[in-house]
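J.: One structure follows; several queries about it will come next.
The values are calculated or read from the model by the stated rules, or taken from the named source; none is laboratory data. The structure displayed is predicted, hence computed values, not measured ones. Positions of Cβ are generated from backbone atoms using ideal geometry, with glycine treated the same way; all protein chains shown enter the neighbour counts.
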Amino acid sequence: MALQVAVSNRDYTAKLVMPQVKLTPASLSWTAIGGPERAVIDGIGSREELFTLLDWLRCPVEIYDEYIDCVWWGYVHEVEVKIGAIEIGVSLDSMANSVNVAYTDGTERKSTGFFPDVTSADEYGLKHLLETVTEMTTTAATAYRDALLLARHYPTPLVRVSQGNTYSARLTCQGWWQTLGWQYYTDTGTSSKYTTNLISEAIVDYNQFLGTVAVETGSGITTLETRDGDSTYLAVIEELLAVGTSNNKRLLATVNQDRTVRIYEEPASTAISYYLGPDGRLYDETGTLTKDYKSPVGTWLKLKDVIPGSTDLSMLADPSVQFIERAEYVAPRRGVTLAGPLGPVALPPGYEGFVPGRGPARPTTPPPVDIIVPPGAYPGTPAPSRPPGEPVTPEPIEPGHSRLHLETRYARSPWQIGGAPRV
């Protein structure tokens, strides 16, 4: 199976003519809030061809499987090009083409208001920077705003020296939902409205990248529409989604391939879409093994043939039924990864993805996990220490096997609204 990458012009008019660079998706992820979240794409090619990728920032990206089904969509957020020991990277994180400075003039709190660079905004989209300073006159605050805009109105490349002597590139892509964090949201209205209406109105007011909004289930809950402009569209909308519905269910959102937005109620925990077996693989309702690179988020799974039927769970939240909050596909790569009874085990830092004879292929930072490493499994690599407790005996996954990592919650566990649990 080979996933194919398609990149379009920033105005979505046509697919770009691809350079002579071999592009390989390394990982894809999705979340129940937003849909496609992140994609990492590795590239190999000549120096001249690799440098053309630097102009792909904010270009739409679609990833297709062998059946021409689109499995991920979003835009290029960051590009890194490596030529020998020199790395050149450029990211939209460094860009802000509309700047506002909040300041104190005497005892009065003021702001300059957002001032855009129209040329940059037309090319990449409008991206706010809200800078807060202390005592400053209006003249000084305005000059500071203009200086910030001049310094950050275009993405700024960074250069560093590293080890190695390869010609390669890496594209880091984000889903369209994340762009809601690019701007701050102000609503001077004072009415109470249904939260789903406020969500829809906010996305329409954002008026960038995203299309029409389809609300499948009204929340039945009202709140004030007033917003002071200190929070982004993303923060406001996700807070409103977390309020849920009058049915005591959460609201979910996903951005479709055509960038339209779907708002809907979380399905009932009895609506099981997938089964997770002792082999750590995901199966659909018919018992067919699912494709690791297809998103299962926003649905319920049930553990199958894992928990003995004699186990008394009457005083516990049922762990056999879980909601899939996030999923990440990791493409096949060389080496061996340890796996436990429920799939790939998150090893202590520095011990995920060993290449025999060379040590860790990629560092990680998960919490400590009880692990026993078979003697001699990785020549020349020390076995990680483990805390006391019942060990998990790992089993190797054959090289070239892809993985699907799932982040789930129990059917009766709370979700969060601003740090407070909602049950």
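J.: Please tell me if ASP228 is assigned to a strand (DSSP E or B) and either buried (at least 17 other Cβ atoms within 10 Å of the Cβ) or acidic (Asp, Glu) (or both).
T.: Judged against the criteria, ASP228 is a match.
J.: Tell me, please, whether a residue that is on the phi > 0 side of the Ramachandran plot and either in a loop (DSSP other than H, G, I, E, B) or not small (Gly, Ala, Ser) (or both) can be found in segment 231-246. Break it down into steps so the answer makes sense when it comes.
T.: Pass one, segment 231-246, residues on the phi > 0 side of the Ramachandran plot: 244.
Cutting the leftovers down to either in a loop (DSSP other than H, G, I, E, B) or not small (Gly, Ala, Ser) (or both) gives us 244.
Yes, segment 231-246 has at least one match.
J.: Right, something else. Please identify the pairs in which a residue from segment 276-288 that is closer than 16 Å to TRP300 by Cβ has its Cβ atom under 7 Å from the Cβ atom of a residue that is of a type in the set (S, T, N, Q) and modelled with pLDDT of 90 or more, counting only partners at least 6 apart or on another chain.
T.: That search, which allows pairs on different chains as well, returns LEU282/THR290; TYR283/THR290; ASP284/THR290; GLU285/SER273.
J.: Select from segment 101-131 the residues that are charged (D, E, K, R) and in contact (Cβ under 8 Å) with a residue 40 or more places away in the chain and write down the one among them that is farthest from CYS59 (Cα to Cα).
T.: It comes out as LYS127.
J.: Can you tell me which residues in segment 180-218 are of a type in the set (Val, Ile, Thr) and either outside the structural domain of LEU251 (by TED's automatic domain parsing) or without any contact (Cβ under 8 Å) to a residue 24 or more places away in the chain (or both)?
T.: VAL204
J.: Follow-up question, since we're still on this one. State yes or no: is SER27 small (Gly, Ala, Ser), out of contact with any His (no Cβ under 6 Å at 6 or more places or on another chain), at negative phi and buried (at least 16 other Cβ atoms within 10 Å of the Cβ)? Write out each step before concluding.
T.: Working: small (Gly, Ala, Ser): yes; out of contact with any His (no Cβ under 6 Å at 6 or more places or on another chain): yes; at negative phi: yes; buried (at least 16 other Cβ atoms within 10 Å of the Cβ): yes.
So SER27 fits the description; yes.
J.: When the residues of segment 231-247 are filtered to those that are in contact (Cβ under 8 Å) with a residue 40 or more places away in the chain and closer than 20 Å to THR299 by Cβ, which remaining residue is surrounded by the most Cβ atoms within 10 Å (Cβ to Cβ)?
T.: LEU241
J.: Tell me the strands (runs of 3 or more DSSP E) entirely within segment 1-53 that contain at least 1 residues that are among the polar types (S, T, N, Q) and more than 30 Å from GLU265 (Cα to Cα).
T.: Result: 4-7, 21-31.
J.: While we're here: Name every residue in segment 250-286 that is polar (S, T, N, Q) and touching a Ser or Thr at 6+ places or on another chain (Cβ under 6 Å), in order of residue number.
T.: Residues satisfying the conditions are THR260, SER273.
J.: Name, by its number, the condition in (1) modelled with pLDDT of 95 or more; (2) touching a strand residue (DSSP E or B) at 6+ places or on another chain (Cβ under 6 Å); (3) more than 18 Å from GLU78 (Cβ to Cβ) that does not hold for TRP177.
T.: For TRP177, the failing item is (3).
J.: Please find, within segment 72-122, the residue that is surrounded by the fewest Cβ atoms within 10 Å (Cβ to Cβ) out of those that are polar (S, T, N, Q) and part of a helix (DSSP H, G or I).
T.: THR119
J.: Can you tell me which residue is modelled with the lowest pLDDT among those in segment 260-295 that are crowded, with 16+ Cβ neighbours inside 10 Å and out of contact with any Asp or Glu (no Cβ under 9 Å at 6 or more places or on another chain)?
T.: Residue satisfying both the conditions and the ranking: GLY280.
J.: Give segment 31-71 a look and list any residue that's among the basic types (Lys, Arg), at pLDDT 95 or above and either at negative phi or surrounded by 22 or more Cβ atoms within 10 Å (Cβ to Cβ) (or both), or say none.
T.: Selection gives ARG38 alone.
J.: Kindly provide the set of residues from segment 205-220 that are among the hydrophobic types (A, V, I, L, M, F, W, C) and surrounded by 16 or more Cβ atoms within 10 Å (Cβ to Cβ), ordered by number.
T.: Within segment 205-220, PHE209, LEU210, VAL213, VAL215 meet the criteria.
J.: Is it the case that segment 290-298 has a residue that's under 27 Å from the mean Cα position of the chain (by Cα) and aliphatic (A, V, I, L, M)?
T.: yes
J.: Does segment 148-163 contain any residue that is of a type in the set (Lys, Arg), in a strand (DSSP E or B) and surrounded by fewer than 18 Cβ atoms within 10 Å (Cβ to Cβ)?
T.: Applying the first criterion (of a type in the set (Lys, Arg)) to segment 148-163 yields 152, 160.
From what's left, in a strand (DSSP E or B): 160.
Checking the rest, the ones that are also surrounded by fewer than 18 Cβ atoms within 10 Å (Cβ to Cβ) come to 160.
Yes, the conditions are met somewhere in segment 148-163.
J.: Say whether the condition of being in contact (Cβ under 8 Å) with a residue 40 or more places away in the chain and over 27 Å from TYR167 (Cβ atoms) is met by at least one residue in segment 40-58.
T.: no
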